[in-house]
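Chemist: First the structure, which I've put down as structure tokens, then a few questions once you've had a look.
The values are calculated or read from the model by the stated rules, or taken from the named source; none is laboratory data. None of these values were measured; they are calculated from a predicted model. Every residue, glycine as well, gets a Cβ built from its backbone with ideal geometry; the counts of neighbours run over all protein chains shown. Heads up: the accessible areas ignore ligands, DNA and RNA and are worked out on the full protein's heavy atoms, side chains in. Shrake-Rupley method; radii C 1.70, N 1.55, O 1.52, S 1.80 Å.
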Amino acid sequence: MRNLWPLLIAASIGAMGVQGACADEYSLLVGSYTAGQSQGIYRLNFDSATGQINPRPLQVIISENPSWLTLSGDQRRLFVVNENGPGQAEPVGRVSSYAIDPKTHELSLINQVQSLGNEPTHSSLSADASHLFVSNYSVAEDPGGTLAVLPVAADGTLKPVVQMSSHPASRVNPERQMSAHVHSTITSPDGKYVFSNDLGADRVFVYRFDPKANPDLPLTPATPAFVQLPPGSGPRHLLFSADGKHAWLTMEMSARVAVFDYRDGTLEQTQMVDLAAGQPVSDKAGAALHASRDGKFLYVSNRGTANQLLVFAIDPLSGHLKELQRRSVEGDHPREFSLDPGGKFVLIANQKSNQIVVVERDANSGLLGKTVQKLPMDAPSDLKFVLRQ
């Protein structure tokens, strides 16, 4: 039986809305896995002056496995992948769209469509917000992972998938790479290219994005069509620098970060950083990465038995990384994390230890300090802030 306390709390305070919220408070949206007691998406208050998350949810959205949250640029829409698949309560992968009230941040469902693949694990918007790119990871070898392209109407309504792409697997690791496993897909800073990171293929696939030329097939393979990575490395998440000149890529299976120079659809590797040098394979599970707003520091999570957050200084000219700190996440399996809007705290979603850990951050040095809160939360998977308007 599901734990009903979140709904009871939400009902009791629903009439309060966000009245009385101070200027230092933000709405925190938490995605989660729902095989246990979690009910879906939680909307909470975060105080950026103290680093405290109010444990009483302002809203609970019942949704199956809303594991990844994508905010539109104007923060008026929220797109959610429902990471469903065979053997789960909901066997079909789906994508949901929500409207966000600009004053109260209340979420309301616009619509939901199928992702036409299993276990969609990530989504991102095109630069013009006209299309959503959904990464169907697919745990099982058959049918394997795919990239799905969904048009988005001006009112946030998701239209059915118009294009699917699949990739050949590297087959290097017989347990995890016998088929494609698309882990994330993002748009280049100029909006002209789309990069799809396939853990099962050991490649980042590159597409030109031109919906005006062909609305039904907005993606076409670029030249070159992919970036080759070391065998068995398992690419996961790609992040571009704020100036668009560099990019960093986590490789889950080898626990490394590749650094690239970027220019007109082309990624050229310039550095490879080991997150778990000399450590056993059980320590190797590179995951999320995020840069500070000033572009000076990069933060990377490594799961496995390491369960660490690593801090790097970013060279402003080359984008190269210099390790500054390794810090325990004080939990298990940091699937995602987020820097708060003020840059004073890092919030870590420890999926397997069922908690969100809030850690102090020094904006000048980039270093992580003491833990200020450990909030119980069943299987958190993603964290996004909605700013006060």
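Chemist: Scanning for something at pLDDT below 95 and either open to solvent by less than 60 Å² (accessible area, probe 1.4 Å) or more than 17 Å from the chain's Cα centre (by Cα) (or both), does segment 124-131 turn up at least one residue?
Modeler: Initially, segment 124-131 is screened for residues at pLDDT below 95, giving none.
No: zero hits.
Chemist: Collect the residues in segment 183-215 that are in a loop (DSSP other than H, G, I, E, B) and within 13 Å of SER126 (Cβ to Cβ), keeping them in residue-number order.
Modeler: Taking segment 183-215 as the starting set, the residues that turn out to be in a loop (DSSP other than H, G, I, E, B) are 188-192, 199-202, 210-215.
Hits for segment 183-215 are SER188, PRO189, ASP190, GLY191, LYS192, ASP210, PRO211, LYS212, PRO215.
Chemist: Something else about it: What are the residues in segment 257-293 that are more than 21 Å from THR187 (Cα to Cα) and assigned to a loop (DSSP other than H, G, I, E, B), if any?
Modeler: Residues satisfying the conditions are LEU275, ALA276, ALA277, GLY278, GLN279, PRO280, LYS284, ALA285.
Chemist: Restricting to strands (runs of 3 or more DSSP E) lying wholly in segment 82-125: which have 2 or more residues that are in contact with a His (Cβ under 8 Å, 6 or more places away or on another chain)?
Modeler: Details: elements: 94-100, 107-114, 120-125.
Per the criteria, 120-125.
Chemist: Another one. Looking at segment 81-99, which of the residues that are of a type in the set (A, V, I, L, M) and surrounded by fewer than 22 Cβ atoms within 10 Å (Cβ to Cβ) is farthest from ILE41 (Cα to Cα)?
Modeler: Here is the first cut: in segment 81-99, the residues of a type in the set (A, V, I, L, M) are 81, 89, 92, 95, 99.
Remaining after also requiring surrounded by fewer than 22 Cβ atoms within 10 Å (Cβ to Cβ): 89, 92, 99.
On the way: ALA89: 17, VAL92: 18, ALA99: 14 Å.
Out of the qualifying residues, it is VAL92.
Chemist: Sticking with this one: Out of all the residues in segment 106-120, which are closer than 16 Å to VAL149 by Cβ and among the hydroxyl-bearing types (Ser, Thr, Tyr)? Step through it out loud before you land on a result.
Modeler: Kept after step one, since they are closer than 16 Å to VAL149 by Cβ, are these residues of segment 106-120: 113-117, 120.
Matches in segment 106-120: SER115 only.
Residue-wise test of (1) without any contact (Cβ under 8 Å) to a residue 40 or more places away in the chain; (2) of a type in the set (Lys, Arg); (3) farther than 19 Å from ALA288 by Cα; (4) open to solvent by 40 Å² or more (accessible area, probe 1.4 Å).
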residue	(1), (2), (3), (4)
ALA169	yes, no, yes, no
GLU175	yes, no, yes, yes
THR185	no, no, no, no
SER188	no, no, no, no
TYR193	no, no, yes, no
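Chemist: Which condition number does SER67 fail, the rest of (1) surrounded by 20 or more Cβ atoms within 10 Å (Cβ to Cβ); (2) part of a loop (DSSP other than H, G, I, E, B) being met?
Modeler: With (1) surrounded by 20 or more Cβ atoms within 10 Å (Cβ to Cβ); (2) part of a loop (DSSP other than H, G, I, E, B) applied to SER67, the lone miss is (2).
Chemist: Which residues, taken from segment 350-368, are more than 24 Å from THR305 (Cβ to Cβ) and surrounded by 15 or more Cβ atoms within 10 Å (Cβ to Cβ)? Full working, then the answer.
Modeler: So in segment 350-368, the residues more than 24 Å from THR305 (Cβ to Cβ) come out as 360-366.
The answer is ARG361, ALA363, GLY366.
Chemist: Still on this model: Does SER282 qualify as being hydroxyl-bearing (Ser, Thr, Tyr), more than 20 Å from VAL206 (Cα to Cα) and out of contact with any strand residue (DSSP E or B) (no Cβ under 7 Å at 6 or more places or on another chain)?
Modeler: Values: hydroxyl-bearing (Ser, Thr, Tyr): yes; more than 20 Å from VAL206 (Cα to Cα): yes; out of contact with any strand residue (DSSP E or B) (no Cβ under 7 Å at 6 or more places or on another chain): yes.
Considered against the rule, which asks whether it is hydroxyl-bearing (Ser, Thr, Tyr), more than 20 Å from VAL206 (Cα to Cα) and out of contact with any strand residue (DSSP E or B) (no Cβ under 7 Å at 6 or more places or on another chain), SER282 comes out as yes.
Chemist: Restricting to segment 37-61, name every residue that is open to solvent by 40 Å² or more (accessible area, probe 1.4 Å), part of a loop (DSSP other than H, G, I, E, B) and in contact (Cβ under 8 Å) with a residue 24 or more places away in the chain.
Modeler: Filtering segment 37-61 for residues open to solvent by 40 Å² or more (accessible area, probe 1.4 Å) gives 37, 49-50, 52, 54-56.
Then drop every residue that is not part of a loop (DSSP other than H, G, I, E, B), which leaves 37, 49-50, 54-56.
GLN37, ALA49, THR50, PRO55, ARG56, listed by residue number.
Chemist: Identify all residues within segment 216-256 that are part of a loop (DSSP other than H, G, I, E, B), surrounded by fewer than 23 Cβ atoms within 10 Å (Cβ to Cβ) and touching a His at 6+ places or on another chain (Cβ under 9 Å); write none if there are none.
Modeler: Of everything in segment 216-256, just one residue is part of a loop (DSSP other than H, G, I, E, B), surrounded by fewer than 23 Cβ atoms within 10 Å (Cβ to Cβ) and touching a His at 6+ places or on another chain (Cβ under 9 Å), namely PRO218.
Chemist: Just to be sure before I move on: is GLU336 in contact (Cβ under 8 Å) with a residue 12 or more places away in the chain, part of a strand (DSSP E or B) and either over 25 Å from TYR26 (Cβ atoms) or touching a helix residue (DSSP H, G or I) at 6+ places or on another chain (Cβ under 8 Å) (or both) in the structure I sent?
Modeler: Answer is no for this residue.
Chemist: State which residue is farthest from GLY232 (Cα to Cα) when the search covers only segment 260-303 and only residues that are hydrophobic (A, V, I, L, M, F, W, C) and out of contact with any Asp or Glu (no Cβ under 9 Å at 6 or more places or on another chain). Before the answer, list the steps.
Modeler: The initial filter retains those residues of segment 260-303 that are hydrophobic (A, V, I, L, M, F, W, C), namely 260, 267, 272-273, 275-277, 281, 285, 287-289, 291, 297-298, 300.
Checking which are out of contact with any Asp or Glu (no Cβ under 9 Å at 6 or more places or on another chain) leaves us with 272, 277, 281, 289, 291, 297-298, 300.
Working: MET272: 15, ALA277: 16, VAL281: 12, LEU289: 20, ALA291: 26, PHE297: 28, LEU298: 24, VAL300: 20 Å.
Per the stated criteria, the residue is PHE297.
Chemist: Here's a follow-up. State all residues of segment 132-174 that are assigned to a strand (DSSP E or B) and over 21 Å from the mean Cα position of the chain (by Cα); if no residue qualifies, say none. Talk me through it step by step, then tell me what you get.
Modeler: Residues of segment 132-174 assigned to a strand (DSSP E or B): 132-136, 146-152, 158, 163-165.
GLN163, the sole residue that qualifies.
Chemist: May I pose another question? Give the residue, chosen from LEU375, LEU383, LEU387, LEU347, that is among the hydrophobic types (A, V, I, L, M, F, W, C), over 22 Å from GLU323 (Cα atoms) and buried (at least 23 other Cβ atoms within 10 Å of the Cβ).
Modeler: Exactly one residue qualifies, and that residue is LEU383.
Chemist: Could you grab me the full set of residues in segment 97-122 that are in contact (Cβ under 8 Å) with a residue 60 or more places away in the chain, in contact with a Leu (Cβ under 9 Å, 6 or more places away or on another chain) and at negative phi?
Modeler: Residues of segment 97-122 that are in contact (Cβ under 8 Å) with a residue 60 or more places away in the chain, as a first pass: 97, 100, 102-107, 121-122.
With the extra rule that they be in contact with a Leu (Cβ under 9 Å, 6 or more places away or on another chain), the set shrinks to 97, 100, 104-107.
Passing the criteria: SER97, ILE100, THR104, GLU106, LEU107.
Chemist: Among the listed residues SER292, SER301, identify the single one that is free of Cβ contacts under 8 Å to residues at least 60 places away in the same chain, surrounded by 15 or more Cβ atoms within 10 Å (Cβ to Cβ) and hydroxyl-bearing (Ser, Thr, Tyr). Explain how you work it out, then say what you get.
Modeler: Working: SER292 fails: free of Cβ contacts under 8 Å to residues at least 60 places away in the same chain.
Within the list SER292, SER301, the selection yields SER301.
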